1. Using a 10 Å cut-off on Cβ atoms, rank the peptides 139-146, 313-320 from the highest mean neighbour count down.
2. In the chain, carbon and sulfur make up what percent of the accessible area (probe 1.4 Å)?
3. Packing-wise, with mean Cβ within 10 Å as the measure, how do 323-336, 186-199 rank, highest first?
4. Working only with C-alpha atoms, what are the Rg and Dmax values of the chain, expressed in angstrom?
5. Note down the magnitude of the dipole of segment 235-288 about its Cα centre, charges +1 on Lys and Arg C-beta and -1 on Asp and Glu C-beta and zero elsewhere, to the nearest 20 debye.
6. Once both axes come from the Cα atoms, what is the angle between helix 372-384 and the longest principal axis of the chain, in degrees from 0 to 90, rounded to 10?
7. Can you tell me the orientation of helix 241-261 relative to the chain, as the angle in degrees between its alpha-carbon axis and the longest Cα principal axis, to the nearest 10?
8. Anything over 27 Å Cα to Cα? Flag those among 67/210; 67/175; 210/317, in the order listed.
Amino acid sequence: MNFDFYLPVEILFGRGRIKSLGEVAKRYGYRAIIITGRKSSKESGALQKAEESLRRWGAEEIIIYDKVEPNPTDRMVNEASRIVVEEKIDYIVGLGGGSALDTAKAVSIVSSNEGSAWDYVNYPEGPRLIPYLNRPVICIPTTAGTGSEVNRYSVVSNPIRKEKLVISHSLNYPKVALIDPELCLSMSSKLTAITGVDAFIHALESLTNKVENVFADELAIRALRIIKEWLPIAVEEPENITAREWMSYASMLAGIAIDRKRVALIHGLEHPVSAHYPHIAHAEGLAALAPAITEFNYKGNPQKYALFAEVMGYEPKPEKAVDAVVDLLQRVGLYITLKDLGVEENMLERLAEDTYMLSRGLFPINPVEPTFEDILRLFQKAYSQA
């Protein structure tokens, strides 16, 4: 048995932990920027709590960058990075869903090195520039799904190129993940389902891909058990703090699992979808693609898919993994198609081409290595399967 484990992130987990932000942040200086979305953190009160805690512990300057949108772009990262440099910011606070956290981490890289955001994304041949420095980042998730607060990934879109790629580097880890389940209470049932499915697919893909890491597998299995039990409850009872607590924990576990084992073809096909259709939430695209890709994949790693089926309450048979995926999606109202999401049928070949060109780094670790024809068929099936 061999595995590697590396996670240089301090995790502070628990109800009300946002109150400790200022005490933690004081280690890193006195000039802060909070990177967040346009509305939700203000409306929920999370932004006010963050500011109050920072000021209470002596922050001298707090700049708010509140322009982050779903599927954040390189333009947002570059704009916020310029502010960080001009204002001589000491540390960065990412507050919000995965988009805000990914942006905060990317800003740390771009503001501390030469070049712009797109220089650091991983094309299959690698990034153009390698970072050497970063600024401290504290990540505070207000959703339970991406796990960005505990991993080295920032997903960034380029609306001009219609591409969505990943910054992945050891300098892209946050210094601190401050996980307060109470901040998730403001999520609607729909957003709860969407973000929860993101964590679900993280756990599924990290467990079943070809990378060997038994420790990460244990985290993925635990995350799946929690999601199976608590995500439907969180969707039905948005104010259930126990459900919020367990989903925050599951999201964190799944985020660590993908940090060690990466994702696979479901993510590989989804990124071109939300690159061309930025109105589509990342996990909605994952939900539309997951049944078809699970059916395609299970023969390539039957033991792990049988284990997944068993964890989800089905017979330990690999083909039952498809039923397990469909059942979870139906229970939370996300058994949908690409057509339902507004994808045009005449775009499927372009999406397949983009996947084949931009996501091929994932092909060798996917349970079944796909051809271009396989990818196109999967898009066609996901377009009209439900």
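1. Order by mean packing, descending: 139-146, 313-320.
2. 49
3. Averaged packing, sorted descending, gives the order 186-199, 323-336.
4. 19.6, 59
5. Computed about the Cα centre, the dipole is about 400 debye.
6. Taking Cα atoms only, the helix is inclined about 90 degrees.
7. Once rounded, one gets 80 degrees.
8. As for pairs spanning more than 27 Å Cα to Cα, those are 67/210.
The values are calculated or read from the model by the stated rules, or taken from the named source; none is laboratory data. All values reported here derive from a predicted model rather than from experimental measurement. When we count neighbours, we look across all protein chains shown, and the Cβ atoms used for this are built from the backbone with ideal geometry, even at glycine. Ligands, DNA and RNA are excluded from the accessible area calculation, which covers all protein heavy atoms including side chains. Shrake-Rupley method; radii C 1.70, N 1.55, O 1.52, S 1.80 Å.
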